[in-house]
Amino acid sequence: MAAPGAVAVAEHGAGSETAQSPVEAPAGVSRRQQFGNRFLTDPSQVFQHNAWDNVEWTEEREAAARRKVQENSEPLPAEKQAEDYEVRANEYWNDFYKIHKNRFFKDRHWLFTEFPELALNCRTKAGGDTLEGGAGRDGEGPASSHTDVSSLNGCDFPGSESTYRVMEVGCGVGNTVFPILKTNNDPGLFVYCCDFSSTAVELVETNEDFDPQRCFAFVHDLSDPEAEFPVPNGSLDVIVLIFVLSALHPDRMYVSISRLARLLKPGGMLLLRDYGRYDMAQLRFKKGRCLSENFYVRGDGTRVYFFTQDELHELFTRAGLEKVQNLVDRRLQVNRGKQLTMHRVWIQCKYRKASGADGGRSAGEARSGS
């Protein structure tokens, strides 16, 4: 359920709120310029490149964006929302993938620059504390403890013999999954991927690069508190959410994150990339598309929310996760042929499950919303 419009990130990569020191690409990953290092100092040169990093917003631009959102913030009637967009959500996403198949998104090769936890040699060396490429931009510690949990639920599960387990939620047609499988040749790696759309999962499973010995794809509704995962709690090293959480109804986000947090091992990491408040996509919505504050429906029936850093921080910490990274990427994209500029706003997060943490409140409490 990778969101429409996220293709721009696949093309231009991720950035950060402030300039960062370059990060060495993990072993096995081709070197490329670290994002966040191309700055527009001379406005007359704006069309010299396709994108500019860490663009500062003036108070005037922020105020104009706020006014634009307020102009089109009258929500649709609740009954229409439930009938047209909640009940039929699966239908809209299946239609999306039937139309676009695997042509809409491009593989996210920036993954291993921004999320080195997904690349080769990201795990703690046996008997040591050092990492090879897995510290991340904030210089934090290992992604997880990598304990074997094959006996946690008393039976085998897909990937139960593996030593490093990654799950992408909202995998779409595999534009994150397949770069991981191609790049990370760790023999202990196992990748799980799921999507709300059965059509998307079918496209993943029929891809020539799909390897059932290293990957397990399944249909899953992240917003359903009763939907089961194929792995036990405390079994995952990394969970990836890329332009996915924003597709959920805001009332269901905490329950979803809380359930995911319980799947992580102590020290396991949740990685997120999603839409930020006042992104160009939000400002383009016309009247009649608002569902609730900062939550909209696209013309194809799919939905999208636009976050602030504080909102995401509250969601993750309430679920028992600790902040490693929470950055805003304000990027200026340029269409040099049409001489157009586009202001994008994305948020990138890394949150870790603390040692000894249980991933938040009980499932019963989460379902009740208490």
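Some notes on this structure:
- Which listed residue, of Asp300, Asp251, Asp279, Asp224, is more than 20 Å from Gly172 (Cβ to Cβ) and of a type in the set (Asp, Glu): Asp251
- Matching residues in segment 292-320 - criterion: being open to solvent by less than 10 Å² (accessible area, probe 1.4 Å) and among the hydrophobic types (A, V, I, L, M, F, W, C): Phe295, Val297, Val304, Phe306, Phe307, Leu312, Phe316, Ala319
- Only one entry in Asp221, Asp209 is open to solvent by 40 Å² or more (accessible area, probe 1.4 Å) and within 16 Å of the chain's Cα centre (by Cα), namely Asp221.
- Each residue in segment 224-233 was checked for being closer than 15 Å to Asp195 by Cα and buried (at least 18 other Cβ atoms within 10 Å of the Cβ), and 1 pass.
- Residue tally, condition within 24 Å of Ser197 (Cβ to Cβ) and basic (Lys, Arg), over segment 244-283: 3
- Any hit, segment 169-181, residues being buried (at least 17 other Cβ atoms within 10 Å of the Cβ), at pLDDT 95 or above and either hydrophobic (A, V, I, L, M, F, W, C) or in a helix (DSSP H, G or I) (or both): yes
- Residue that is closer than 28 Å to Asp310 by Cβ, among the small types (Gly, Ala, Ser) and part of a loop (DSSP other than H, G, I, E, B), where the choices are Ser223, Ser258: Ser223
- When we screen Phe196, Phe243 for residues that are open to solvent by 10 Å² or more (accessible area, probe 1.4 Å), touching a Gly at 6+ places or on another chain (Cβ under 9 Å), in contact (Cβ under 8 Å) with a residue 24 or more places away in the chain and among the hydrophobic types (A, V, I, L, M, F, W, C), the only hit is Phe196.
- Selection within segment 254-284 - open to solvent by 10 Å² or more (accessible area, probe 1.4 Å) and within 22 Å of Val328 (Cβ to Cβ): Tyr254, Arg277, Tyr278, Met280, Ala281, Leu283, Arg284
- Inter-residue pairs, beta-carbon under 6 Å, first under 20 Å from Ile257 (Cβ atoms) and touching a residue at least 12 places away in the same chain (Cβ under 8 Å) and in segment 201-225, second hydroxyl-bearing (Ser, Thr, Tyr) and open to solvent by less than 40 Å² (accessible area, probe 1.4 Å), 6+ apart: Leu222/Ser256; Ser223/Ser256
The values are calculated or read from the model by the stated rules, or taken from the named source; none is laboratory data. Quantities reported herein were computed from a predicted structural model and do not represent experimental measurements. Quick reminder, even Gly has a Cβ in these numbers, built from the backbone with ideal geometry, and neighbours come from all protein chains shown. Heads up: the accessible areas ignore ligands, DNA and RNA and are worked out on the full protein's heavy atoms, side chains in. Shrake-Rupley method; radii C 1.70, N 1.55, O 1.52, S 1.80 Å.
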